[in-house]
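Every number here is computed from the coordinates shown, using simple stated rules; none is lab data. Keep in mind that this is a model prediction, so the values were computed, not measured. Don't worry about glycine lacking a Cβ; one is built from the backbone with ideal geometry, like all the others, and counts go over all protein chains shown.
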Amino acid sequence: MQAIRGTKDIISPEIYTWQYIEHIISILTNQFGYSEIRTPIFESIDVFKRTIGENTDVVGKEMYTFPDKGGDILTLRPEATASVVRAAVQHNITAQQQLSRVWYNGPFFRYERPQKGRQRQFHQFGAELLCAASVEADIEIISLAYTFLQKLGISNSVLSINTLATPQVRSIYRSVLLDYFQSNINTLSEDSQKRLVLNPLRILDSKNLDDKLIAANAPKLLDYLDDESTIHFDKVCEYLTRLNIPFIQQSTLVRGLDYYSHTVFEFTSNALGSQDALGGGGRYNDLFEQFGGKNTPSIGFAFGIERLIIAMNAHGFSPDTINPDYYIIGFESNDARSKAIQTAHMIRNTTNYIVITDVQNRSLKAQMKDADKHNAQFAIIIGPEEADKSECIVKNLKEGTQQNFPLDTFLSSLK
């Protein structure tokens with residue numbers, strides 16, 4: 001038996017990189033004042049179908065959807081924002097229009113062709129700033145995302161930003177774009193010909209080379225912005241410049257989900273190859289209303305953990321392994337082994353030191369060899385003679401020195 005295609009086991013030593021990322025997430029979200037939210041791994045299909053967009057690749061091709069025994073149609077979550085908004089409406093998190101900062105980290109599911117940095121079960125860290133319409137909210141979210149990458153040592157990522165304006169502006173632009181792509185329909189890819197009818201803006205984000213050439217000459221949304229959209233986007237760019245956060249304006253950036261408006265952004269890295277997105281996000285001002293809530297302007301982002309790890313490794317990241325402080329050795333007699341187990345138990349219960357014990361009744365030589373393998377700082381040795389005297393030998397494995405102590409004295413010194 002093997003893991004299902006598109007999934008993987010995360011084991012040592014790779015797990016230490018995951019734990020390092022989770023540590024950075026914990027520190028950084030506290031610094032920015034965000035609290036964790038945990039939503040169910042599966043939801044009603046309507047949570048995603050209604051919000052992400054029926055014509056997106058995620059809903060149309062990639063979701064894991066199934067009926068449960070009660071006849072309800074459920075979906076393994078393909079992304080988190082829709083679930084967060086559903087939870088916010090259900091629990092009145094933004095009641096009385098109160099701003100809320102939340103973050104999440106966990107597994108998600110999409111039926112895609114497995115490739116570098118892309119699995120069918122993948123993991124994302126993201127943050128959402130709910131009930132905040134200001135430019136300053138956009139900047140806080142982008143700053144949080146940018147700082148996260150810096151703390152992970154991913155220093156050469158590229159931030160691209162764009163505006164998707166208001167729904168009214170997009171409606172006008174959609175008609176213009178439809179006419180343009182219709183005149184080039186014979187050179188569009190099969191997928192883009194389908195998108196032409198359903199959502200022509202998605203053609204701008206196509207990875208097909210022929211589509212890219214056509215999209216490069218397409219009318220620009222920036223030329224159709226109203227005053228509201230122009231002012232908002234100009235202020236975002238101004239703030240980023242003041243914060244010395246480098247960025248490029250990319251007029252073809254639309255992201256893959258239908259709920260975005262105004263600011264959208266994406267971080268990319270050349271360490272990932274052609275599928276170069278580390279993550280991104282944007283503003284979703286109308287999403288709450290689709291769940292029966294009040295108008296609640298919000299913005300968020302998400303990063304793919306698997307992709308972050310590829311970029312970190314490309315930068316030479318090497319995680320610190322967790323090495324034991326003490327390796328407790330008991331050998332040759334039951335009394336010695338019993339005292340070794342008791343000693344380990346006392347240290348673990350009264351301190352935060354990392355302690356390893358032998359559970360295979362091996363010889364002194366074999367246990368010392370195992371202590372070196374674990375890169376332990378000290379070996380605490382208890383043989384028959386030491387057990388009779390309630391003593392231990394404390395050996396510094398880094399310096400090669402050792403000293404005898406009464407067990408009680410040694411344990412008291414650790415408190």
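Per-structure values
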read-out: Rounded tilt (10° steps) of 81-90 against the dominant C-alpha axis of the chain; value: 90 degrees
read-out: Label-zone membership for the stretch 137-164, site ILE248, 7 angstrom Cα→C-beta point, backbone N under 17 Å; value: 155-163
read-out: Karplus-derived 3J(HN,Hα), 6.51/-1.76/1.60, for each residue of the stretch 237-243, Hz, glycine and proline x; value: 4, 5, 4, 4, 5, 5, 7
read-out: Estimated dipole of the chain in Debye, rounded to 20 [Cβ of Lys and Arg +1, of Asp and Glu -1, Cα centre]; value: 520 debye
read-out: The stretch 36-42 - phi-based ³J(HN,Hα) in whole Hz, Karplus 6.51/-1.76/1.60, Gly and Pro as x; value: 6, 10, 10, 9, x, 6, 10
read-out: Within the stretch 326-414, percent of DSSP bridges classed antiparallel, to nearest 5; value: 55 percent
read-out: Förster radius 56 Å - calculated FRET efficiency between ASP335 and ASN270 (Cβ-Cβ, nearest 0.05); value: 0.35
read-out: Ranked list, fewest to most other Cβ atoms within 10 Å of each Cβ, for SER175, SER83; value: SER175, SER83
read-out: The stretch 133-142 - phi-based ³J(HN,Hα) in whole Hz, Karplus 6.51/-1.76/1.60, Gly and Pro as x; value: 9, 6, 4, 4, 5, 4, 5, 4, 5, 5
read-out: Share of alpha-carbon pairs per 10 Å distance bin for the stretch 326-414, given as whole %; value: 19, 57, 24
read-out: For ILE354, distant residues with modelled amide H under 5 Å away; value: ASP325, TYR326
read-out: Order of CYS237, CYS131, CYS392 under a 10 Å beta carbon neighbour criterion, fewest first; value: CYS237, CYS131, CYS392
read-out: Exposure proxy order (Cβ contacts within 10 Å, fewest to most) of LYS365, LYS49; value: LYS365, LYS49
read-out: Contour minus Cα-Cα distance for VAL176 and PHE66 (0.36 nm per residue); value: 35.7 nm
read-out: Full-extension gain in nm, SER35 to GLN19, via 0.36 nm per residue minus C-alpha separation; value: 3.9 nm
read-out: Unsatisfied cross-links (Cα-Cα over 30 Å) in the set LYS69/LYS207; LYS116/LYS373; LYS339/LYS369; value: LYS69/LYS207; LYS116/LYS373
read-out: Mean Cβ neighbour count within 10 Å, used as a protection proxy, ranking 87-93, 182-188 highest first; value: 87-93, 182-188
read-out: In the stretch 318-415, the GluC sites (Glu not before Pro) that fall in loop regions by DSSP, at most 16 other Cβ within 10 Å; value: GLU332, GLU399
read-out: Loop trypsin sites (Lys or Arg not before Pro), the stretch 145-232 (other Cβ atoms within 10 Å of the site Cβ: 16 or fewer; DSSP); value: LYS207, LYS220
read-out: Between 0 and 90°, nearest 10: helix 364-373 axis offset from the chain longest Cα axis; value: 30 degrees
read-out: Long-range amide H partners of LEU397 with built H, under 5 Å; value: PHE378, ALA379
read-out: Förster radius 30 Å - calculated FRET efficiency between GLU289 and THR147, Cβ distance, rounded to 0.05; value: 0.45
read-out: Low-density loop cleavage sites - trypsin sites (Lys or Arg not before Pro) in the stretch 254-358, where at most 12 other Cβ are within 10 Å (DSSP); value: LYS294
read-out: Helix axis angle, 334-350 relative to the chain longest principal axis, alpha carbon, degrees; value: 40 degrees
read-out: Net charge contributed by nearby residues that have their C-beta within less than 13 Å of GLN250 (K/R +1, D/E -1); value: 0
read-out: Share antiparallel - DSSP beta bridges, the chain, percent rounded to 5; value: 80 percent
read-out: CYS392 long-range amide H proximity, modeled H, under 5 Å; value: PHE405, LEU407
read-out: Approximate spin-label separation ASP320-THR230, in nm, with each point projected 7 Å along Cα-to-Cβ; value: 5.3 nm
read-out: Over the chain, relative contact order from alpha-carbon pairs under 8 Å, at least 6 apart, %; value: 15 percent
read-out: Three semi-axes of the equivalent ellipsoid, the chain, Cα gyration tensor, whole Å, largest first; value: 54, 22, 21
read-out: Projected label distance in nm at THR241 and ASN186, using a 7 Å step from Cα toward the beta-carbon; value: 4.5 nm
